[in-house]
Amino acid sequence: MIRIAIVEDHALTRAGIKTALEGESDFEVVAEAADGNSGFNEIVRTTPGVAVLDIGLPGIDGIELTRRLRAQLRGIRIVILTMHDLDQEILAALAAGADAYVVKGSDPSNLLTAVRVVADGGAYFDPQIAHSVLRHFGSPSPAPPPTDNPLTPRELEVLRLVADGVGNTEIGQRLYLGLGTVKGHIRDILEKLSATDRTQAAVTALRRGLI
């Protein structure tokens, strides 16, 4: 089981996050809090493997809470949630030691993926901020010649929407495709780019100049 703490000041949002997380058979929410100070105390008391923190908490904010948890608990993994995709917030969260950054308006599956990825020791960046991460931590490579592009025009359309954080259902609506067709395209994209998930595919494509 992946033991998770949630620190979010809006009760309805916190309840929604908890419901989404507890809908997964391998997730267990072991602590909740509505502000940074009580969040710190609850997390230290329960020692979860993953802490999901809102960035705009009362008391101490999510970035400062991240710093304090890093100093106090060895091995804790931290997912930052925010309503914004502002570069300065992204960089501040990463500098504080966050392992993942998820924009609240993105597909809920992004949060589930982020928790699993960080619990397994990886890092996760919401597709909506992939451009910002690459801009600051490594510029995309020059665009390859067309013959080096393994993706079809339709797959590129799908991948651009994935990189913008659009979910499968909305991708289908925008491109007039069935859900099964969208999933098939994404499966093919992952295989062609040797990617394990949607975010890695988007970042790989950005680095290679494909999108």
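List of remarks:
- In sequence order, calculated HN-Hα J values of the range 89-103 (Karplus, 6.51, -1.76, 1.60; Hz; x Gly/Pro): 5, 4, 5, 5, 5, 5, 5, 6, x, 5, 9, 8, 9, 10, 7
- Amide H contacts of residue 27 (H built 1.01 Å from N, in plane; Pro and chain starts excluded): 2 sit under 5 Å, all sequence-distant by 5 or more or on other chains.
- Residues whose amide H comes within less than 5 Å of that of residue 77, counting only those at least five positions distant or on another chain, are 50, 51 (H built at 1.01 Å from N in the peptide plane).
- Set of lysines near residue 104 by C-alpha distance (under 18 Å), chain-local residues within fewer than 8 positions excluded: 18
- Fewest-first ranking of 101, 176, 124, using other Cβ atoms within 10 Å as the exposure measure: 176, 124, 101
- Only one residue of 37, 48, 95 has its Cα farthest out toward the positive end of the dipole of the chain, where Lys and Arg carry +1 and Asp and Glu -1 on Cβ, and that residue is 95.
- The range 69-77 - phi-based ³J(HN,Hα) in whole Hz, Karplus 6.51/-1.76/1.60, Gly and Pro as x: 5, 4, 6, 9, 10, 6, x, 5, 10
- Legend: ranking of residues 17, 6 from fewest to most surrounding C-beta atoms inside 10 Å; resulting order 17, 6.
- The chain, dipole about Cα centre (Lys/Arg Cβ +1, Asp/Glu Cβ -1), debye to the nearest 20: 460 debye
- Largest first and in whole Å, the equivalent-ellipsoid semi-axes of the chain read 32, 19, 14, each the square root of five times a Cα gyration tensor eigenvalue.
- Helix-derived mean residue ellipticity, 222 nm - over the chain, DSSP H n ≥ 4, -39500 (n - 2.57), to 500: -15000 deg cm²/dmol
- Cα-based reach from residue 183 at 13 Å (exclusive), listing aspartates and glutamates while leaving out same-chain residues under 8 positions away: 155, 170, 191, 197
- Ranked 18, 183, criterion: other C-beta atoms within 10 Å, fewest first: 183, 18
Laboratory data are not the source of any read-out in this text; all were calculated from the coordinates shown. Small disclaimer: the values here were computed from a predicted structure and weren't measured. All Cβ positions, glycine included, derive from the backbone under ideal geometry; neighbour counts span all protein chains shown.
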